Amino acid sequence: MKKIKTIYPLVLLAALLFGIACNERPTTATPTNELPTIFPDYTEVTIPYNIAPLNFHPTEGAERCYAELSGNGVTISATGKDDVRIEEKEWRTLLDANRGASISVKLYTKSQDKWQEWAPFNVHISDKDIDSHLVYRLIEPGYEKWHIVGIYQRNLESFEEKPIILNSMVGYNCINCHTFCGGDPSQLMFHMRAANGGTYVVQDGQIEKLNTKTDGTISNLTYPYWHPSGNYITTSVNTIHQFFHATRDKKIEVFDLRSDVVVYDVRSKEILSKASIISEDNFETFPSFSPDGKWLYYCNAPATEMPDNYDKVRYSLCRVAFDADKGEISSEVDTIVKADSLSYTFPRISPNGRYLMYTETAYGQFPIWHKDAEIRMVDLESRQSIDMSAMNSPETESYHSWSSGSDWVVVSSRRDNSLYTLPYLCYIGADGKPGKPFLLPQEDPEMYDYLLYSFNIPELVTGEVDINPYEIQQAALNKEAEQVSFK
Amino acid sequence: MKRDNNLIILLLFMLGCGLFVELNFRYWYAFMEQYMMFQTTSDYLVRHLTEPGGMVGYLTDFISMGFYYPLCAALVIALIAGIVSYSFHRFLKACGVERSMLIAVAPATLLLLFPQESIAHMLTLTVAIPLAAAYTAIKNDKIRWSIGFIALTAIYFLAAPANLIFALMVAVYELIAHRRYGVAAAATAWSALLPLLAMNIFYTIPMREAYIGKHIAHPEVAFPTALWVMGAIYPILAVALRLIGNKRFIVSDKWHTRVEYSALAITLIACIIFKVDLMGQPYMYDHLAREGKWEKIVEHSQRYGIRDFDALIYTNLALSHTGRMATDFTRTPQLGLYGLYPRDTKYYIQNILSSEVSWQVGHVNTAQRTAFIGTLGSRRSVQPRMMKRLVETYIVTGEMAVAEKFIKVLESYPRLSAWASSMRPLLNEEVAAATDWVAEKRRLMPVTDNLYDMQNSFPKSVEAIIMDCPENKAALEYLLSFVLMYKDINNFMGYIEPYKGQNLPKLYQEAICVYQATKPDEQILEAYNIDPKIWNRFANYDRNIQMMNAETAYKMYGDTYYYYLQYGATPEPPETNN
């Protein structure tokens, strides 16, 4: 017993010394001119100054890692067994000292008892901040079935992730299509399907549960977008179907048999016929409002026989004027991006009103399973396209959401493995040109390797969503859904 | 001597438990193993540490890895039953109940009678009951209460709902042995309050999960009554025995012992004989399929018969794997589409079957899709066996990055780690292309897109595969079996037409003979190389059919397609979009 007592402090001391020794720069490293290959790829990326540490690991594996990060006279080091994990306070000091500049990252890796010093790479620190929180749904990238679903919020300035609502709390139903009013964390809506079904609108801590299927619309409200006033939500109503391909290059096709665009008045709980685009001759879907609230953007394609013509449906991006005082749209349609050989979807206007970002794909409006899907952007002042090749990859890029300052976007991409959608953050310069996107940093960079969920509908919000998950649960379980009317 | 008796009873009970599990439920536990996936990653450990009762789930997954192998489930469950029963006996003794081990082992028979989908509930008892016994061994009140409080709190986080059982046992002990009503009330109240505190401080989870965790029963369905009983019976039995007192109904030691042994033996033998696993056959075939022992499935089904659709699908799949689908057609019950392909592809064994059949016929996309659904749809959202299929299918479709992801995940699962690592070289496209099974699957894959789903559009989906690749033997056999079992000779002739001049199996030749008899065409017999012996035998049957009763016809022609055509019941048409 006495022996154990003597050994214990020695073991602690040895562990401490080992820790210190491991945190020192290797002195016998062999330098190379090659850049290291790391995951996530943070080489030469532009990041906001308020982002969490960019932990990473070398893709070839290593017995030990050591990294030195320096810029403007500040140098910090980070170490790990097979990855590099940066201490948060030191990272913050480094970024604060390097706003608008670049930091240099020098990586050392140890393999087979030999240290190697890799060529340094740069990380550019923007002096523009990104909205502090990212809200996303974690869901298996399933085909026709969901199982475990949750909407989470992640503090981008740290690694803190909290659930907003989990389907395990509300009967394992499907929770989807969360959207915020201009990135305001206190104004949120989402749907639940199956058990406790309904559309949930959260404003100023109050939760409304709504039944949104009316006699005048073909379905429940589907793909939503808030009006900047918080008084309206435009959504599509869709009859959605899917089928499965037989050949190796394609998996699933999701298509609408019919779809319309409507505007829901949050105050009167009415779907406004005078602000809705309902037509049997056209498919209208994925609407959004301009940041000034004066335009209603949507995707539009001539209706056709489905699924026979699934690969011939091409959507244009259109807009109509919206009068928020009257709750009406004009009948004059302005086609912003006309579908010719390609199809366009997910229109999103930058908060400063200058750019229209959208997704381009060969056909249809649901590009998540289309490898060819890419992000495109048009300058609304000049109506000129902007080169977005720096943002895209050979795999699917689909959903996107702007940060409130219009300097950052989050983009859904399958570039990592072609199946799981992950959120990539991307700088948008003053000229509209994108930087190299970087994967949302995680405390454990291996987390993505083992994660069996996709990040669905990543939405940037300006602060923490403070509605208590148990309040949403109680509303779901105990509240009767109020019937929305069609006026 | 009495002590020896107790030991013998305990050992006999454990032996009986082991036998029961090995004989009746070995394949059940082997089947459930594939719905758990212990991982060696720190993330997996942390995830379990940060949910109530998570360590029970962690241990369950770890131990269940062994259930794939013979005897492992039997040994583990026998050991658990032994530990729990022994501890309960000690607990009873501490409560002043001087009863033989037979009483103490009685509640553990419920573990045998109500098998659950994992052993998490057994591990929960293995925490609660021995801890309760240990609690009673501490004589100093204050030390006992302090340790009890710490243990109660700790096991909530590590092994909930073991805390609830432990609290009840503590309450029972304090009431019976010490008349400490306050301590009993405090233990019960704390165990009831703790989940409420935890769900507001540490976790965001539903109340059910806060109280009983999500590991001992499927959180998406109602909590099984059997589990309530299994948990509550220990404290209730302790109280009941205390109330009854130590009165013995059989005074003679000799007879008492004899009756005890007899009761134990009768109970265990009755369990072994009467409590059989009704799904034993499909689970056994599932296990044999995982080991690639297709011949054994065929042998077993032909020797013992087939008891349900899932077993029939496995039998047909085994016939396909062994190249006997046509030759053994008349030896297999023909029950229509759902004997070839499962009715609902989203759940458990049917999902596995769907992936297996699709893989066999070359519909790689469906094999992949159903494997994916099987993985995400399973209770823990993992299914290592279907993840293996995902690795295989993604290598076939050339999607190496996602194949690598699943390889990495499987490498963290010790039971399949070596297999996963052996797949790594195939991530190199050149190696994959030069690997026989990959090349073969790629060769047989459809190249012309279609919208036919294997489940809703059978046989069109299989027909489309053959249109692209007529040499896809497995797909052809499935297609022809389908039309022949529904006695659709006209479509059969359409499908067999491209194979004119080839050596066709006897079954197909017999079907062609039938067609020839209904629509005589001198060219047909020659065009299809019909064996004269087969034709002559059919001609004899045709001539004598009016003079034969069914029994004679079966004796003489029971192995022929035309016998099936005439006397076999036509299966119910499938609920499909055909």
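What ³J(HN,Hα) values, in whole Hz, does the Karplus curve 6.51 cos²θ - 1.76 cosθ + 1.60 give for the stretch A:450-457 when θ = phi - 60°, with x put for Gly and Pro?
For the stretch A:450-457, the Karplus-derived couplings read 9, 6, 10, 10, 9, 8, 9, 6 Hz, x marking Gly and Pro.
For chain B, what percent of Cα pairs sit more than 46 Å apart?
Across chain B, Cα pairs with separations above 46 Å total 32 percent.
What Rg and what Dmax come out for the stretch A:57-117 when only alpha-carbon atoms are used, in angstroms?
So, for the stretch A:57-117, Rg and Dmax equal 12.5, 39 Å respectively.
Between the stretch B:126-191 and the stretch B:7-46, what is the separation of their alpha carbon centroids in Å?
27
Per residue, what volume in Å³ does the convex hull of the Cα atoms of chain A enclose?
Residue-normalised Cα hull volume stands at 182 Å³.
Helix B:506-518 against the longest principal axis of chain B: what's the angle in degrees, Cα atoms only, rounded to the nearest 10?
Orientation of helix B:506-518: about 50 degrees from the principal axis.
Taking the convex hull of the Cα atoms, report for the protein assembly as shown its projected area averaged over all directions, in nm².
53.9
For the stretch B:281-444, restrict the atom set to alpha-carbon positions and state the Rg and Dmax in Å.
Final numbers for Rg and Dmax: 16.1, 46 Å.
With 10 angstrom as the radius, rank A:R376, B:R543, A:R414 by how many other C-beta atoms surround their C-beta, starting from the fewest.
With the sparsest Cβ surroundings first, the list reads B:R543, A:R376, A:R414.
Rounded to the nearest 10 degrees, what's the angle between the helix B:280-290 long axis and the longest principal axis of chain B, both from Cα atoms, 0 to 90?
70
Quick query: amide H of A:G405 versus all other amide H atoms, modeled in the peptide plane; which residues come in under 5 Å with a sequence gap of 5 or more or a different chain?
A:D131
If one computes P(r) from the Cα atoms of the stretch B:2-274, what percent of pairs lie at distances over 26 Å?
Considering the stretch B:2-274, 44 percent of its Cα-Cα pairs are separated by more than 26 Å.
Do you know the relative contact order of the stretch A:409-452, to the nearest whole percent, from alpha carbon pairs under 8 angstrom that are 6+ apart?
Computed over the stretch A:409-452, the figure is 28 percent.
Which whole-number percentage describes the relative contact order of the stretch B:1-119, with Cα contacts under 8 Å and a sequence gap of 6 or more?
38
In straight Cα distance, which aspartates and glutamates are under 15 Å from B:K139, not counting same-chain residues fewer than 8 positions off?
B:E174
Quick query: amide H of A:V84 versus all other amide H atoms, modeled in the peptide plane; which residues come in under 5 Å with a sequence gap of 5 or more or a different chain?
Amide H to amide H, under 5 Å and 5 or more residues apart or across chains, A:V84 pairs with A:F56, A:H57.
So, by mean Cβ neighbours within 10 angstrom, what's the order for A:256-265, B:311-320, B:191-200 with the highest one leading?
Taking the mean over residues of other Cβ atoms within 10 Å, the ranking is B:311-320, A:256-265, B:191-200.
Mind listing the phi-derived Karplus ³J(HN,Hα) values for the stretch B:397-406, rounded to whole Hz, using 6.51, -1.76 and 1.60 with θ = phi - 60°, and x for any glycine or proline?
Along the stretch B:397-406, the couplings run 7, x, 8, 6, 5, 6, 4, 5, 4, 5 Hz.
Quick one: net charge of B:H178's neighbours, Cβ under 14 Å, K/R +1, D/E -1?
Summing Lys/Arg as +1 and Asp/Glu as -1 gives +4.
Could you work out the Rg to Rh ratio of the stretch B:144-276, with Rh taken as the Kirkwood radius (inverse of the mean 1/r over all Cα pairs)?
1.09
I'd like to know how the stretch B:364-449 sits against the 2.2 N^0.38 Å rule of thumb: what's its Cα Rg over that expected value?
Normalised Cα radius of gyration, the stretch B:364-449: 1.06.
List the lysines whose Cα sits under 29 Å from the Cα of A:K162, skipping any in the same chain fewer than 8 residues away.
In chain and number order, the partners are A:K81, A:K89, A:K128, A:K145, A:K209, A:K436, A:K479, B:K214, B:K405, B:K408.
Amide H neighbours of A:A195 under 5 Å, counting only residues 5+ apart in sequence or on other chains, H built in-plane at 1.01 Å?
For A:A195, whose amide H was placed from the backbone, the distant partners under 5 Å are A:C174.
On average, how many beta carbons from a partner chain sit within 10 Å of the beta carbon of a residue in B:374-384?
3
Under the definition of Cα pairs under 8 Å and six or more residues apart, what whole-number percent is the relative contact order of chain B?
Relative contact order of chain B: 13 percent.
Can you run phi through the Karplus equation (6.51, -1.76, 1.60; θ = phi - 60°) for the stretch B:539-550 and list ³J(HN,Hα) in whole Hz, with x for Gly and Pro?
For the stretch B:539-550, the Karplus curve yields 4, 4, 4, 4, 5, 9, 4, 5, 8, 9, 8, 4 Hz.
Can you compute the radius of gyration and Dmax for the stretch A:267-308, using only the Cα atoms, both in Å?
Reported Rg and Dmax, both Å: 13.1, 41.
What angle, in degrees between 0 and 90 and rounded to the nearest 10, separates the Cα long axis of helix B:54-64 from the longest principal axis of the Cα atoms of chain B?
50
The numbers here are math on the coordinates, done by the rules we state, and not lab data. Everything numeric here is computed off the predicted structure, so don't read it as measured data. Backbone-built Cβ (ideal geometry, glycine too); neighbour counts: all protein chains shown.
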